[in-house]
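Read-outs: derived from the displayed coordinates by stated rules, not from any lab. Treat the numbers as computed from the prediction; the structure is a model and nothing was measured. When we count neighbours, we look across all protein chains shown, and the Cβ atoms used for this are built from the backbone with ideal geometry, even at glycine.
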Amino acid sequence: MELPNGTHKSIFDLFKLNGKRALVTGGSKGLGLIIAEALAEAGADVAINSRNLIDCHEAADKIGTATGRRVIGVRGDVAKSSDVAAMKNEIERQMGTIDILINNAGINIRGPVEEISEADWDAVMDINLKGPFLCSKAFGPEMCERGWGRIINLGSIMSVISLSARSPYASSKAAILGLTRTLALEWATKGVTVNAICPGPFGTEMNRQLLNDPVKYKDFVSRIPLGRWGDLHEIAGTSVFLASDAASYVTGSALFVDGGWTAQ
């Protein structure tokens with residue numbers, strides 16, 4: 001495949017991430033862990049963040065051993081600007097500057113609105129929305145200076161639809177699409193793309209209470225045209241695509257990985 005600069009790459013080469021460095025927030029478990037592993041398998045060195053340093057190191061050791069890539073664990077609360085700054089300094093000290101930022105860290109507090117406290121609302125908004133804002137603000141400008149970067153925000157099917165008892169989560173994930181589009185416009189001429197992945201139901205720890213409730217599980221499956229929840233590995237290809245040169249003309253978009261739920 002002939003590129004505009006006159007170089008030739010095979011379609012497979014466009015998906016390779018050799019020489020790139022990635023940060024995955026909330027990367028020690030669930031979809032974040034799968035995404036971190038996928039990026040490393042595609043050739044990137046990866047920093048894994050969570051609020052628990054032991055979890056970070058365990059995930060980093062597992063992925064590094066499996067892929068042969070350099071993978072480090074870095075503790076930090078993405079909702080605190082001081083933690084984000086310290087995390088950035090530590091990553092750059094150990095690994096160098098970040099080319100790919102995956103804003104994956106997220107929480108969910110369920111309940112009818114009259115039972116959701118102000119503290120509950122703030123906790124969800126801080127991690128799910130303020131975190132991606134702070135991390136993008138910390139890492140994005142330097143990507144722009146270097147002329148290449150990828151920022152991928154984790155949205156949800158609830159970025160565009162909702163369910164009862166999800167007011168903080170649905171609100172935060174709807175706002176993620178607004179942040180994604182705005183940053184995409186601001187950095188479009190600087191070699192940095194900003195996109196969102198919007199998963200449907202996956203068997204993560206966050207969804208454990210639904211998986212363990214046969215009635216709720218059946219209700220969810222009835223809404224999915226493919227007739228099942230997503231397997232964790234099914235988020236991997238989407239992540240590598242948006243992080244790679246294969247997606248160089250994709251920005252400000254949301255890619256739904258939901259078994260067809262939002263197509264209805």
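The Rg/Rh ratio of the range 92-144, with both radii computed over alpha carbons and Rh defined as the Kirkwood radius, is 1.16. Along the chain, the longest continuous region that contains none of the chymotrypsin sites (Phe, Trp or Tyr not before Pro) in a DSSP loop with at most 16 other C-beta atoms within 10 Å is 1-147.
Taken along the Cα-to-beta-carbon direction at a fixed 7 Å, the label points for ALA66 and ALA188 span 3.7 nm.
In plain terms, the chain from ILE11 to THR97 could stretch by 28.3 nm, reckoned as 0.36 nm per residue minus the Cα-Cα distance.
Look at the Cα gyration tensor of the range 209-264: its axes a ≥ b ≥ c give a/c of at least 1.5 with a/b over b/c, and that counts as prolate. Mind checking the log10 I(q)/I(0) for the range 167-255 at q = 0.21, 0.23, 0.25 Å⁻¹? Debye, one equal scatterer per Cα, no solvent, two decimals. Values returned for q = 0.21, 0.23, 0.25 Å⁻¹ are -1.07, -1.15, -1.23. What residue among ILE35, ILE107, ILE11 shows peak mean-square fluctuation when the chain is described by a Gaussian network model with Cα springs under 10 Å? Taking springs between Cα atoms under 10 Å, the residue moving most is ILE11.
Computed over the Cα atoms of the range 37-86, the ratio of the radius of gyration to the Kirkwood radius (Rg/Rh) comes to 1.03. Taking 0.36 nm per residue of separation and subtracting the current Cα-Cα distance, fully stretching the chain between ALA86 and SER117 would add 8.1 nm. Per-residue extension of 0.36 nm, minus the Cα-Cα distance of ARG146 and SER162, leaves a gain of 1.9 nm for this segment. Shape analysis of the range 1-68 yields a ratio of the Cα radius of gyration to the Kirkwood radius, Rg/Rh, of 1.12.
Largest first and in whole Å, give the semi-axes of the chain's equivalent ellipsoid, each being the square root of 5 times a Cα gyration tensor eigenvalue.
After scaling each eigenvalue by five and taking roots: 29, 21, 19 Å.
Cα convex hull, the range 69-177: 111 Å³ per residue, rounded to a whole number. Seen against the Cα atoms of the chain and their longest principal axis, helix 167-187 is set at about 20 degrees.
The dipole here belongs to the chain: it is taken about the Cα centre, uses +1 on the Cβ of Lys and Arg and -1 on the Cβ of Asp and Glu, and is about 260 debye.
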